[in-house]
Structures are given as structure tokens and as C-alpha cells.
Amino acid sequence: GQSRGVSLNARGREEAAALVRRLDGVPVAALYSSPLERCRETATPLSRSLGVSIRTSRPLLEVDYGEWTGRPISQLRRTKLWRVVQHAPSAVRFPGGETLLAVQGRAVAEIDRIGAAHATSVVAVVTHADVIRLALAHYAGMHLDQLQRLVVDPASVSVVVLGAGIPRLVKVNDTGDLSALT
């Protein structure tokens, strides 16, 4: 399952508002979001500020953690699968859910599609931390088993320039000033 019905808390709403201020002046031409509530809620202030609609995209959904959905991390840490997730994520299939490799494949295919559709524009994609980490690992040329080396904080910005043959990671997990992007 993917955690539906989970809304942003007060801090999340503050972070979404701060994101609008941080992206002020960045010429975002299109805005895509995972269909889950917390992503759409994060994208809504940006959508209003930019005057662009939110295009929801199912391939940007969070990982389907299956039977792990909603279980406390303290409980999951005691499972054998937890060690595999930490050390060999390429081998993981969540019980009743997806493989991380499949999630990476669907997310990257969608981001590539979005990039091709907006080849000369800046596009914002709002999705989940693990989906972002999986996409960043792909664009960085990292093996999936190095996934735990990447950190993606809530409301952080990562910038990947697509096209020109080589994806370029311009920013990863940025939570500060983005004026250089203007």
C-alpha cells in the first residue's frame, strides 16, 4: 500500500510555503506531482504562485511498501528484510508490494518523458523521498545498492538538467537559497 489520506502537518505546510519563496524568480513552466495528498498539498502553493496547474502523474507515486505500509520503523528494523533494504536494495521486494528497481524504472521513465515534453523549460516535479533518491541514483550513474548514501529531506530541492546527452545533477537535497537557479 501507499499511504493515502496522509496530509501535510503544520510544519509541512510551512515548508511548502517556504518552497514558493525559495523558487521565486525561477521560471517554472510546468508542475507535476504524485497523486498522493501530501505531494499535491506541497505543490498547491507553488501552483497558485506560478499560475500553472498541477499535472498528477501515477508513475510518480511513492514506493508500494505492501505489508510494510504504516508499520513503525522501530518494528521494521527488527526484520531480516530491513538489513537487505540497507545493504542490497536492488534485491528488495516489499512483501505484497513493489521492488525498488521497478519503482526506479517507472519514475525515471516518467521523468524522462516529462523532460522530453518540456525540453527547453524548467519543470517542477513533486514526489516522495524514496522516489527522488531512486531517480537521483539513476541520473548519477550509481548502482541501486548505494541508495542509502543519498539523503532527501522534506521540501528539499534537487535539480537535474536533462538533455544534451548527459544528465547533470546541479543540486541535491538543497534546503537553502535557490536564487542561483534564476
Prolate/oblate/rounded call for the stretch 122-162, Cα gyration tensor, a/c under 1.5 rounded: oblate
Would you mind telling me the share, in percent, of accessible area of the stretch 22-97 contributed by carbon and sulfur at probe 1.4 angstrom? 49
Among 68-76, 172-180, the order from most to least packed when residues are scored by Cβ within 10 Å on average: 172-180, 68-76
Nothing charged except the Cβ atoms of Lys and Arg (+1) and of Asp and Glu (-1): what's the magnitude of the dipole of the stretch 41-163 about its Cα centre? Round to the nearest 20 debye. 260
Using a 1.4 Å probe on heavy atoms of the protein chains only, the accessible area for Arg55 in Å², nearest 10, reads 100
Obtain the nm distance between the two label points defined at Glu67 and Arg13 by a simple spin-label model: each point lies 7 Å from its Cα along the Cα-to-C-beta direction. 3.8
Taking a temperature of 10 °C and a viscosity of 1.306 mPa s, what whole-number D in µm²/s does Stokes-Einstein yield for the chain with Rh from Kirkwood over alpha carbon pairs? 93
From phi via Karplus (6.51, -1.76, 1.60), per-residue ³J(HN,Hα) for the stretch 120-137 in Hz, x at Gly/Pro: 10, 10, 8, 10, 9, 10, 10, 8, 9, 3, 5, 5, 5, 4, 5, 5, 4, 4
Give me, ordered by chain and number, the residues 5 or more places off His128 or on other chains with an amide H under 5 Å from its own placed amide H. none
Take every DSSP beta bridge whose two residues both sit in the chain, then give the antiparallel share in percent to the nearest 5. 40
Ignoring ligands, DNA and RNA, what accessible area per residue does the stretch 65-123 give at 1.4 Å, in Å²? 58
With the charge dipole of the stretch 34-81 built from beta-carbon charges (+1 for Lys and Arg, -1 for Asp and Glu) about the Cα centre, the Cα from Ser34, Thr69, Val52 projecting farthest to the positive end belongs to Thr69
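The values are calculated or read from the model by the stated rules, or taken from the named source; none is laboratory data. Predicted model, so just to flag it, every value in this text is computed and none were measured. Note that each Cβ is placed from the backbone with ideal geometry, even for glycine, and that neighbours are counted across all protein chains shown. Heavy atoms of the whole protein, side chains included, go into the accessibility calculation; ligands, DNA and RNA do not. Shrake-Rupley method; radii C 1.70, N 1.55, O 1.52, S 1.80 Å.
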